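Engineer: Structure below; questions to follow.
The numbers here are math on the coordinates, done by the rules we state, and not lab data. Predicted, not measured: the structure shown is a model, and the values here were computed from it. Note that we place each Cβ from the backbone using ideal geometry, even for glycine, and neighbour counts take in every protein chain shown.
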Amino acid sequence: MPRFRGLTFVALLMALVGAPAAWSASPAMVVGQVFAGGGNAGAPYSNDFVELFNRGSAAVDLGGWSIQYASGTGTSWQVTPLTGSVQPGGRYLVQLASGAVGAALPTPDATGTSNLAVSGGKVALVHAATALSCGAAAGSCSADPLVTDLVGYGSATDYEGSGAAPAIGNTTAALRAGDGCTDTDANATDFTAVAPSPRNSAAPATPCSAPPPPSGGVSQDAPVAIDLDSVLSIALERPSISFGHAAAGETPPSVSERVTVASNHTTGYALTVHRTAFVPADLPLGLSASAPPGGQLGGQLAGGAMVAIPIAPAADLLIGTTSGPSAPAGDGWATNVGFVSPLPFVTPGHYTATVTFTVIGR
């Protein structure tokens, strides 16, 4: 699941709104293997496990990342934190729940207690340690910019592509094709059910590179170079937002803040929002939005709902996503900043906050 660096624009608010940029996920790390039969009858290994693989050309630091698991239809995720780094072509073994049957795994690089279901489940590699809440429908987790890779197998309700990876059993694991190098964002075709073969960071590296030319020939290098410029920008309708004067118990009218996104990323982008708390006391700030042609609103904003804007360090509110480049003149996301409930009875005075809109290439 490739991701690109995001851009963040900040709007200063008079009696208003802010947010840190959402993490930009690595295009290198993927889930290479999932085994859910650990300790079951006939199982070759006593533990469930997830094997990660670095299919990129540079080392990846997993500090602050996590492996997360939810049942086939569930949206409650169990989190296993990760540490350390993975070299190009390297493996990383996450040992999970155990049983009484089977051999021990190779020395794991991380351990957790998640008990993976053989019948079906969802495994996500997440560039954060906060539990996800997606997974009820296909594509819901892939829309989260913090989700680097997702594997739904068997009866899973969420997955990459048009279907889940094949069902697995007590003696089979879901294994990524190409020895981990194949990633077409389609679980059904990227994975096959085969006998499990757990590998940890001590296993020999197998970089994803072209084979060398046949021996005995003559070759000469010709360097090739090109500079590609990424188009990824945000323009705000208002550099600052003011609600003017209002009294406690009132709900001031919402203020328009149209967000125009320009992007040439062929796989689309994600637009999110966050804020700081009001000073000297917090107020119930929210946001509603509508999507431009080709855009898909975040689930919480469906139907024009006014949704509370999260306060750092909570995860951003997903405004929406696209699956392709923006329109030539940019995509206009019509947002309105307002309050989700009447103003509380607080000390009269001047209240300020900051709201931040962030766009991340997918």
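Engineer: Quickly work out the E237-to-T107 label distance, labels modelled 7 Å from Cα along the C-beta direction, and quote it in nm with one decimal.
Structural biologist: Between T107 and E237, the label points sit 5.9 nm apart.
Engineer: Still on this structure, I have one more. Simple spin-label model, 7 Å along Cα-to-Cβ: S57 to A327 in nm?
Structural biologist: Here the modelled spin labels are 3.8 nm apart.
Engineer: Could you tell me whether the stretch 70-126 comes out rounded, prolate or oblate from its Cα gyration tensor? Rule is a ≥ b ≥ c as square roots of the eigenvalues, rounded for a/c under 1.5, then prolate if a/b exceeds b/c, otherwise oblate.
Structural biologist: Note, shape of the stretch 70-126 comes out oblate.
Engineer: Here is a further query. R0 = 25 Å: FRET efficiency of S290 with A247, Cβ-based, nearest 0.05?
Structural biologist: Using R0 = 25 Å, I get an efficiency of 0.25.
Engineer: In whole angstrom, how far apart do the alpha carbon centroids of the stretch 224-271 and the stretch 273-296 sit?
Structural biologist: 11
Engineer: Using only DSSP helix segments of four residues or longer, with each worth -39500 (n - 2.57), what per-residue ellipticity at 222 nm results for the chain after dividing by its residue count and rounding to 500?
Structural biologist: Calculated mean residue ellipticity at 222 nm is 0 deg cm²/dmol.
Engineer: Under unit Cβ charges (Lys, Arg +1; Asp, Glu -1), what dipole magnitude, rounded to 20 debye, does the chain have relative to its Cα centre?
Structural biologist: 220
Engineer: So I have [x] 19.8, 64; [y] 21.9, 72; [z] 23.3, 85, and one of them is Rg and Dmax of the Cα atoms in Å calculated from this model. Which one is it?
Structural biologist: Answer label, from the structure shown: [z].
Engineer: Need the full-extension length gain, N264 to Q87, defined as separation in residues times 0.36 nm minus the C-alpha distance. One decimal, nm.
Structural biologist: That pair, N264 and Q87, stretches by 60.7 nm at full extension.
Engineer: Report relative contact order for the chain in percent, whole number only (criteria: Cα-Cα under 8 Å, sequence separation at least 6). Walk me through the intermediate numbers first.
Structural biologist: Details: 1075 pairs, mean separation 82.8, N = 362.
Computed value for the chain: 23 percent relative contact order.
Engineer: Of all DSSP beta bridges in the chain, what percent run antiparallel (nearest 5)?
Structural biologist: Around 90 percent of the beta bridges assigned by DSSP in the chain are antiparallel ones.
Engineer: Still on this structure: Consider just the alpha-carbon atoms of the stretch 213-362 and return their Rg together with their Dmax, both in angstrom.
Structural biologist: Rg, Dmax (Cα atoms, Å): 21.4, 85.
Engineer: Can you tell me the relative contact order of the stretch 199-278? Whole percent, Cα pairs under 8 Å, sequence separation 6 or more.
Structural biologist: 30
Engineer: Taking 0.36 nm per residue of sequence separation and subtracting the Cα-Cα distance, how much length would be gained by fully extending the chain between D282 and D221, in nm to one decimal? Intermediate values should be presented prior to the final figure.
Structural biologist: On the way: separation 61, 0.36 × 61 = 21.96 nm, distance 6.24 nm.
Additional length available on full extension: 15.7 nm.
Engineer: Contact order normalised by length for the stretch 139-297, with contacts defined as Cα pairs under 8 Å and 6 or more residues apart; what percent is it?
Structural biologist: Relative contact order for the stretch 139-297 comes out at 13 percent.
Engineer: What does the convex hull of the Cα atoms of the stretch 225-285 come to per residue, in Å³, rounded to a whole number?
Structural biologist: Numbers: hull volume 8.5 nm³, N = 61.
Once divided by residue count, the hull of the stretch 225-285 is 139 Å³.
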